[in-house]
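J.: Quick one: structure below, then a few questions.
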Amino acid sequence: MAGETTPDSPWPLRVFSEKLKQHIERAPAAWIEGQLLEANVRNGHAYLTMRDVDVEYSLSVNVWSSVMRRLEAKPEVGSRVVARLAPNLYLKTGRLSMVASDVRPVGLGDLLARLERLRHALADEGLFDPSRKRRLPLLPQRIGLITGRDSDAEKDVVRNSTLRWPAVEFTIRNTAVQGVNAVPQVIAALRELDADPAVDLIVIARGGGALEDLLPFSAEELVRAVAQATTPVVSAIGHEADRPILDDVADLRASTPTDAAKRIVPDLAEERFGIEQARQRLDRAVTLFIDRAGQQLESLRTRPVMAHPEGMVQVRSEDLERLRERSHRSIDTLVRRGHDAVAHLRAQVRALSPQQTLDRGYAVVQTHDGTVVRSPDDTPVDTGLAIRLARGKLTAVVLSTEDQPQDAADRKAAG
């Protein structure tokens, strides 16, 4: 075993090499993806250098002629490929190499399909949910701009934003916008600007390009970094037709860098025009309000109650006089009616009084004790009587009595 070797009992070099070869060749073959930096073909063999698409890692790959004959197209520098590799140790020189048993180019369709799978996976996590998107500030004082050095995208954003709102300020971070350095540099710039409290808004801008050139802006690491940012982020990548995944996670997607400049700051001329229109509308409203109030005052001033305020008192005085006269008439009428009623009752009382009866020729016959005589039976013969007449009295003595039937007396009285 390797642990049993000592300076006095070493392995021969061949034993170490053979055991190392056995150990290395036990590693399984794997499919890897990368971009070809070198592609040299000699004597039917291909010697490639593959680089990772996101970081500065590279690997030498050997493709033997037996494999090359099976390939549909020869590898070209700059192309994106996938290769099935297995490690191999050459015993004569001790050189470790990667041997490819298959090499396939990554086509545009494969890239698009891979991006769509990543897009759906991130969407399922909720990274594109509209509720996560932050509202852009109405008037950002300082804008963070991440773009390529001396790029047209930087000029478009800065120039058009300044033309629209001259007071806007920029904090610019120039990074790689394609290649293996793009993703880490953009992420670092994003985090730096996000940590700056003076930055109100971050714009990530790049001009148009091929799909492969825009791949860094669909990298999962960058997409997650934008989702974690606390400052609103605007994506302005490529042209209208370009749609990197960054557009979906950003708080606002601009079709071009110029479009981003139009959407992140207001137009000073338009705002001034709007303020002027608002001022004119306000002036018209105030003037109209004052005119209407003046008309109302004039209308109130011309009303009779305002022109002749004593008229209201006069009307009430006339009403009071009419009511007083009505009450006097009513009282007079009631008094007259009462007087007439009293006179009528007085006449009735007089008509029914005993004196009236006596005045008509009747007399009241009484005994000496004052008892009124109503029947002959009440006065025996020789009974002294007192006869009361209408004027004066008579004294008489009953000489005889005669009883008259009541019916006959009544008929006589009626006749």
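The values are calculated or read from the model by the stated rules, or taken from the named source; none is laboratory data. Here the structure is a predicted model, which means the values were calculated and not measured. Reconstructed Cβ throughout: ideal geometry from the backbone, glycine too, with neighbour counts over all protein chains shown.
J.: Can you tell me how many residues in region 122-141 are hydrophobic (A, V, I, L, M, F, W, C) and closer than 16 Å to Asp194 by Cβ?
T.: Looking only at that region, the number is 1.
J.: Ok, one more. Can you pull out the residues in region 56-97 that are in contact (Cβ under 8 Å) with a residue 60 or more places away in the chain and within 19 Å of Ala30 (Cα to Cα)?
T.: If the condition is that a residue be in contact (Cβ under 8 Å) with a residue 60 or more places away in the chain and within 19 Å of Ala30 (Cα to Cα), then Arg80, Ala86, Pro87, Asn88, Leu89, Leu96 are the ones that fit.
J.: Could you run through region 153-162 and say how many residues are in contact (Cβ under 8 Å) with a residue 12 or more places away in the chain and farther than 13 Å from Ile204 by Cα?
T.: Selection size over region 153-162: 3.
J.: So, one more: Just to be sure before I move on: is Ala100 touching a helix residue (DSSP H, G or I) at 6+ places or on another chain (Cβ under 6 Å) and not in a loop (DSSP other than H, G, I, E, B) in the structure I sent?
T.: Against the criterion (touching a helix residue (DSSP H, G or I) at 6+ places or on another chain (Cβ under 6 Å) and not in a loop (DSSP other than H, G, I, E, B)), Ala100 does not qualify.
J.: Still on this structure, please answer the following. Out of region 179-221, which residues are surrounded by fewer than 23 Cβ atoms within 10 Å (Cβ to Cβ), of a type in the set (Gly, Ala, Ser) and more than 35 Å from the chain's Cα centre (by Cα)?
T.: Gly179, Ala188, Ala189, Gly207, Gly208, Gly209, Ala210, Ala219
J.: Where residues in region 222-253 are in a loop (DSSP other than H, G, I, E, B) and surrounded by 23 or more Cβ atoms within 10 Å (Cβ to Cβ), which of them is nearest to the chain's Cα centre (by Cα)?
T.: Ala250
J.: Within region 395-413, can you find the residues that are part of a loop (DSSP other than H, G, I, E, B) and either loosely packed, with under 10 Cβ neighbours inside 10 Å or at pLDDT below 80 (or both)?
T.: Leu399, Ser400, Glu402, Asp403, Gln404, Pro405
J.: Restricting the search to region 361-394, which residues are touching a Phe, Trp or Tyr at 6+ places or on another chain (Cβ under 9 Å) and assigned to a strand (DSSP E or B)?
T.: None; the set is empty.
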